[in-house]
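The structure under discussion appears below in the form of structure tokens.
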Amino acid sequence: MKLVAYISQGLEKEGAKELMELGAQSVKASKRHILFEADMACLYRLHLRARLPFRFLREIGRFPCHGPNELYFGIQRVIEWENWLIPKNSFRVDVTGFGQGLSHSHFTALQVKNAIVDLQRQIWGSRSSIDLSNPDICFHLHLENNQAVLSVDGTNLSLHKRGYRPAVGLAPIKETLAAGLIRMTGWHGTCNLVDPLCGSGTFLIEAVSDLLRIPLGENRQFLFKNWPDFDISLWDKELKRAEKVNTFHGKMPKIIGCELDKVIANFAIENVRKAGLENYIEIVNCSFRDLKLPSGSGLLVCNPPYGKRIGDENELSNLYRELGYFCKKQASGWDLWLLSGNPKLSKYLGMKANRRFQVNNGTIDCRWLNYKIK
């Protein structure tokens, strides 16, 4: 099957590596997405174990498209609709890209919907209902270079929603991005891991979940179960395999999150508990200035405020200055990885970055900065 994985900008290289580790073939990374091929077993495996992409689309057909009429009739001919969508099943249509006379995604989606339901009426005398929030099948149409590509989405909701995080802070980082950033640090559980500004605990939860190879959202609503070629025996096999895949057998180092705000610290504690990781991650409610780091080497990871979604840029300079002081005083020999969405503020750390990677946190252009603390 031809597939595409959608991923945060800046994580494409790590995402491609992860897909190959899990069995994907012909992997080609592009900006914010990765093209690849896989069999059905691999597709199930990716939905259970890939931590970086937030969506997988499976291509089921493509055809030339030079306007609304060609789109309408092309949709009706591109697949065997009798197999893919019977009237009792609901559906949704998502659209990306544009073509001749098809510059508005809502109009394009409506044209696709009309083509499908008109054909259903011809075949069965009845039609499927539209369900925008909880469809049985989600179709995705992409228009580019006078070509229409019809795909199906493996899930209804974005894969960043793991299910462990009902409680979040003011400016939470998405789980998929946190997982990718942790992978970029090279942390494999051989040294301590501390987040001095942990918020709702996402960095630490993703780090430990990846280390222990905990399957993702086994109880998630997977829409591929409604595809005509869904193989339940193959799915059960991949599910059992995912549950047994833990390859970490060493002694877990200290993993600590520090959060000053008591309410948000309690959110983090609850999220750790929901993720089943309370035996591995400790959340402390205090200022990082009062935090005593564990002995031995380690990594500090954090996503401090940028002065964009929360915090005042002028006031935040003191936070960065004190974080830099804390690192130099308490964490000599450690590494700091910091997600910076404001280069003016990161200068107040008083340290020179050893490495930097461009990533996007939502719509914010950021840098994932690595400092060797002396």
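Observations, loosely collected:
- Counting charges near L157 (Lys, Arg +1; Asp, Glu -1) among other residues having Cβ under 11 Å from its Cβ returns a value of +3.
- Relative contact order computed over the chain (Cα-Cα under 8 Å; 6+ residues apart), in percent: 15
- Net charge over other residues, Cβ less than 9 angstrom from the Cβ of Q25 (K, R count +1; D, E count -1): -2
- Relative contact order of segment 2-153, pairs being alpha-carbon contacts under 8 Å that are 6 or more residues apart, as %: 25
- Around the amide H of H140, modelled in the peptide plane, lie the amide H atoms of D94, S151, V152, D153, all under 5 Å away and 5 or more residues distant in sequence or on another chain.
- Within segment 1-61, trypsin sites (Lys or Arg not before Pro) in DSSP loop having at most 15 other beta-carbon neighbours inside 10 Å: K31, R32
- Trypsin sites (Lys or Arg not before Pro) restricted to segment 75-133 and DSSP loop, no more than 13 other C-beta within 10 Å: K88
- The local environment of V93, defined by Cβ-Cβ distances under 12 Å, has a net charge of -1 under the rule Lys, Arg +1 and Asp, Glu -1.
- Solvent-free Debye calculation, one equal scatterer per alpha-carbon of the chain: log10 I(q)/I(0) at 0.09, 0.12, 0.15 Å⁻¹ equals -0.59, -0.94, -1.26.
- Entries in K17/K328; K13/K292; K13/K347 that, when Cα-Cα distance is taken, lie over 29 Å: K17/K328; K13/K292
- Computed lengthening from S158 to D261, 0.36 nm per intervening residue step minus Cα-Cα distance: 34.2 nm
- Rounded to whole Hz, the Karplus (6.51, -1.76, 1.60) HN-Hα couplings of segment 24-32, x for glycine and proline: 5, 10, 6, 7, 9, 7, 10, 5, 6
- When each of D131, D335, D236 is scored by the number of other beta-carbon atoms lying within 10 Å, the sequence from fewest to most is D236, D131, D335.
- Rounded to the nearest 20 debye, dipole of the chain from Cβ charges on Lys, Arg, Asp, Glu: 1080
- Between the listed residues H47, L141, L85, the Cα displaced farthest toward the positive end of the dipole of segment 2-153, a dipole computed from Cβ unit charges relative to the Cα centre, is found at H47.
- The stretch between T185 and K251 holds 21.8 nm of extra length on full extension. This uses 0.36 nm per residue minus the Cα-Cα distance.
- The charge dipole of segment 2-153, taken about the Cα centre with unit charges on the Cβ atoms of Lys, Arg (+1) and Asp, Glu (-1), comes to about 200 debye, rounded to the nearest 20.
- Exposure proxy order (Cβ contacts within 10 Å, fewest to most) of I79, I7, I264: I79, I264, I7
- Placing unit charges on the Cβ atoms of the charged side chains and taking the dipole of the chain about its Cα centre, the candidate lying farthest along the positive direction among W235, G298, M1 is G298.
- Within the chain, the longest segment free of exposed loop sites, counting chymotrypsin sites (Phe, Trp or Tyr not before Pro) that fall outside DSSP classes H, G, I, E and B and have at most 14 other Cβ atoms within 10 Å, spans 99-229.
- Set of aspartates and glutamates with alpha-carbon distance to K237 below 15 Å, sequence-local pairs under 8 removed: D39, E218
- Each label was represented as a point 7 Å from its Cα along the Cα-to-Cβ direction; for L212 and S26 these points are 3.8 nm apart.
- Sorted from longest to shortest, the spans of the Cα atoms of segment 201-285 along the three principal axes equal 51, 31, 15 Å.
- Computed over the Cα atoms of segment 2-153, the ratio of the radius of gyration to the Kirkwood radius (Rg/Rh) comes to 0.99.
- Of the residues G250, G163, G333, the one that moves most in a GNM of the chain with alpha-carbon contacts below 10 Å is G250.
- Counting beta carbons within 10 Å around each of I205, I173 and listing the fewest first gives the order I173, I205.
- Theoretical FRET efficiency, 1/(1+(r/R0)^6), r = Cβ-Cβ of L35 and F63, R0 25 Å, to 0.05: 0.85
- Cβ-based charge dipole, segment 65-117, positive-most Cα from F73, T96, N114: N114
- Phi-based couplings in Hz for segment 221-238 (Karplus 6.51, -1.76, 1.60; Gly and Pro marked x): 7, 8, 6, 5, 5, 9, 6, x, 9, 4, 10, 5, 5, 5, 4, 4, 5, 5
- Gap separating the Cα centres of segment 270-302 and segment 1-23, nearest whole Å: 29
- Taking a point 7 Å from the Cα of R241 along the Cα-to-Cβ direction, the residues of segment 29-70 with backbone N closer than 13 Å to it are 39-50.
- Under DSSP loop assignment and at most 13 Cβ neighbours within 10 Å, longest GluC sites (Glu not before Pro)-free interval of the chain: 81-217
Bear in mind that the values in this text are calculations on the coordinates, not laboratory data. Note that the structure is a prediction, hence the values are computed from the model and not measured. Quick reminder, even Gly has a Cβ in these numbers, built from the backbone with ideal geometry, and neighbours come from all protein chains shown.
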